[in-house]
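The values are calculated or read from the model by the stated rules, or taken from the named source; none is laboratory data. Every value quoted in this text rests on a predicted model; they were computed, and no experiment measured them. Heads up, the Cβs are rebuilt from the backbone with ideal geometry, glycines too, and the neighbour counts pull from every protein chain shown. Calculation scope for accessible area: heavy atoms of the full protein, side chains included, ligands and nucleic acids excluded. Shrake-Rupley method; radii C 1.70, N 1.55, O 1.52, S 1.80 Å.
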Amino acid sequence: MRRVAVTGIGVISPLGGSAAESFANATAGHSAIGRIEEPWCKRLVSPLAACVNFRADEHFAAPKLRMLDRVSQIAIVAARQAVDAARLDIANADPQRIGVFVGTAMGGSQTTDDGYETLYAEQSDRIKPFTILMGMTNAAAAWIGIEYGVTGPNLTYSTACSSSAVSIGEAWLRLRNGDLDVAIAGGAEAPLSFGALKAWEALHTLASEDPNDASTSCKPFSRNRSGMVLGEGAAIVVLEDWERAIKRGATIHGELTGYGVTTDVSHITQPTVAGQAAAMRAALHAATCAPESIDTINAHGTGTQANDTVETAAIKQVFGEDAYRIPISATKAIHGHLLGASGALELALSLLAMQNDVLLPTMHLELTADDCDLDYVPNCARRGVRINTVMSNSFAFGGTNAVLVARSAR
């Protein structure tokens, strides 16, 4: 089995237009959540989101832009950042030994919404000619493959909120087994269309707006939590055979060592302690890592009543009394829930936190809950904390639980 290095990180997130900016704002606890300013917002019960500050015309020529939904736009730019940061010489590599693995829950949400508006609201039959190509779920991965001319596996994973954790984990498996030398892996999501927001609203899982400060509306693990806030963004990592990375002098952000995936089958939306615990144990087993060697956990931490209670119980089941020692960060409090891109963003932030000896804060944790009584690093980052091994949890509607484990390269 081969070791797998993370040699590049690219991020377009509500926290910033790069990995460094996103990490700096996550460390400072700056919330990117706010009210959406769109004409249709008055039809939303809670018009909240975490939006990306992104100008597509700064990155793409007009002819190409007409073929790209927002989800593909941000995925491509995040991939460019990751590949550039890794200093990959793709032109002189074997293109069949490089793969693309992208997770997304909703694909081209805005394109789909626009098509329905044209067809039903405007009663017009003139649908945009590229609607299918823009809206198809695998568009982001396909465009990344085209951009770099890589001809290895090009795979899209759509397992709701765990999509990008699955995409990175599945890429890791192929590198570990020697099937590939390099993988461009991660996730992208742009779900902030009116139709998508109304559909999520109908599930009654979205947070109520905090009456004092809209930016604090997502409160993971706090007793007064009321739900999640949707966000958009993309995070891509370059995974590379360890020996290859060392030989070419690449900067290594960490070593991906474990991946566990399990499925809850009791209900399509309700998580189980057993399923989440099994995924964490599977990741630890794959990493040949004892539970006591985990230094911090980036929790799924959505801010919903069900998830936070179940995840806390699952962590206790896996780690026992040691669960009270492990600092847990829930960064969705400030960047929102990026659905299929969340796992990749949170892994990226975890790797950067490990490199910089920082425990990221769980913001807006105002009231301790009896069933959420672990150390969630409330409201302020902790600096100067040596981190050798991190765990990142991603759980999903549909039941797919995915957990990643990474180790410091120091």
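With every protein chain present, what is the per residue accessible area of the chain (1.4 Å probe, Å²)?
Value returned for the chain: 38 Å² of accessible area per residue.
Of Ile246, Ile144, Ile98, which has the largest mean-square fluctuation in a 10 Å C-alpha GNM of the chain?
Highest fluctuation among the options: Ile246.
Using a 1.4 Å probe on the protein heavy atoms, what percent of the accessible area of region 138-256 belongs to carbon and sulfur?
Within region 138-256, the accessible surface is 52 percent carbon and sulfur.
Taking Cα centroids, how far is region 106-169 from region 43-58 in Å?
18 Å
Using a 1.4 Å probe and counting only protein heavy atoms, arrange Glu21, Glu122 so the residue with the most accessible area comes first.
Heavy-atom accessible area, descending, gives Glu122, Glu21.
Scanning the chain for helices, which whole DSSP H stretches are 15 Å or more long along the axis (Cα) and average -1.0 or more by Kyte-Doolittle?
Span-like helices, by this rule, are 70-86, 163-176, 273-286, 305-319, 342-355.
Would you pull out the residues with amide H under 5 Å of Thr331's amide H, same chain only if 5 or more places away, H placed 1.01 Å from N?
Amide H neighbours of Thr331: Ala299.
What whole-number volume per residue, in cubic angstrom, does the convex hull of the C-alpha atoms of the chain give?
128 Å³
Using the beta-carbon distance between His59 and Glu321 and R0 = 35 Å, what value does 1/(1 + (r/R0)^6) give for FRET efficiency, to the nearest 0.05?
With a Förster radius of 35 Å, E is 0.10.
Any idea of Cys41's accessible area? Nearest 10 Å², probe 1.4 Å.
Counting only protein heavy atoms, the figure is 10 Å².
Treat each spin label as a single point 7 Å out from the Cα along the C-beta direction, and report the Asn212 to Asn177 distance in nm.
Result for the modelled spin labels: 5.3 nm.
Against the globular-protein guess of 2.2 N^0.38 Å, express the Cα radius of gyration of region 59-144 as a ratio, rounded to two decimals.
Computed over Cα atoms of region 59-144, the ratio equals 1.30.
So between Asp357 and Lys247, what do we pick up on full extension, going 0.36 nm a residue minus the alpha carbon distance?
So the chain would gain 37.0 nm between Asp357 and Lys247.
Hey, if we sort Glu37, Glu311 by accessible area with the 1.4 Å probe, largest down, what's the order?
Ranked list, largest accessible area first: Glu37, Glu311.
Express as a percent, rounded to the nearest 5, the fraction of DSSP beta bridges in the chain (both residues included) that run antiparallel.
Approximately 70 percent, going by the DSSP bridge assignments.
What is the distance in Å between the Cα centres of region 237-277 and region 4-36?
19 Å
I need the peptides 347-355, 171-179 ranked by packing, meaning the mean over residues of other C-beta atoms within 10 angstrom, with the highest value on top.
Put in order of decreasing packing, that is 347-355, 171-179.
Once you wrap a convex hull around the alpha carbon atoms of region 190-290, what is its projected area averaged over all directions, in nm²?
Hull-based average projected area comes out at 10.5 nm².
Can you give the helix-only mean residue ellipticity at 222 nm for the chain, where every DSSP H stretch with n ≥ 4 adds -39500 (n - 2.57) and the sum goes over all residues, rounded to the nearest 500 deg cm²/dmol?
-9500 deg cm²/dmol
How big is the gap, in Å, between the Cα center of region 387-406 and the Cα center of region 172-190?
Taking the Cα centre of region 172-190 as reference, the centre of region 387-406 is 16 Å away.
Of all DSSP beta bridges in region 59-195, what percent run antiparallel (nearest 5)?
The antiparallel proportion sits near 0 percent.
Could you give the nm distance between label points at His267 and Cys380, where each point is 7 Å from its Cα heading toward the beta carbon?
With each label placed 7 Å out from Cα toward Cβ, I get 3.8 nm.
In what order, largest first, do Asp114, Asp264, Asp94 sit by accessible area if the probe radius is 1.4 Å?
Descending accessible area places them as Asp94, Asp114, Asp264.
Using the basic label-point model (7 angstrom from Cα toward the beta carbon), what is the His30 to Asp371 distance in nanometres?
Each label point is offset 7 Å from its Cα along the Cβ direction, giving 3.6 nm.
Lysine pairs in the chain 8 or more apart or on different chains: how many have alpha carbons under 25 angstrom apart?
10
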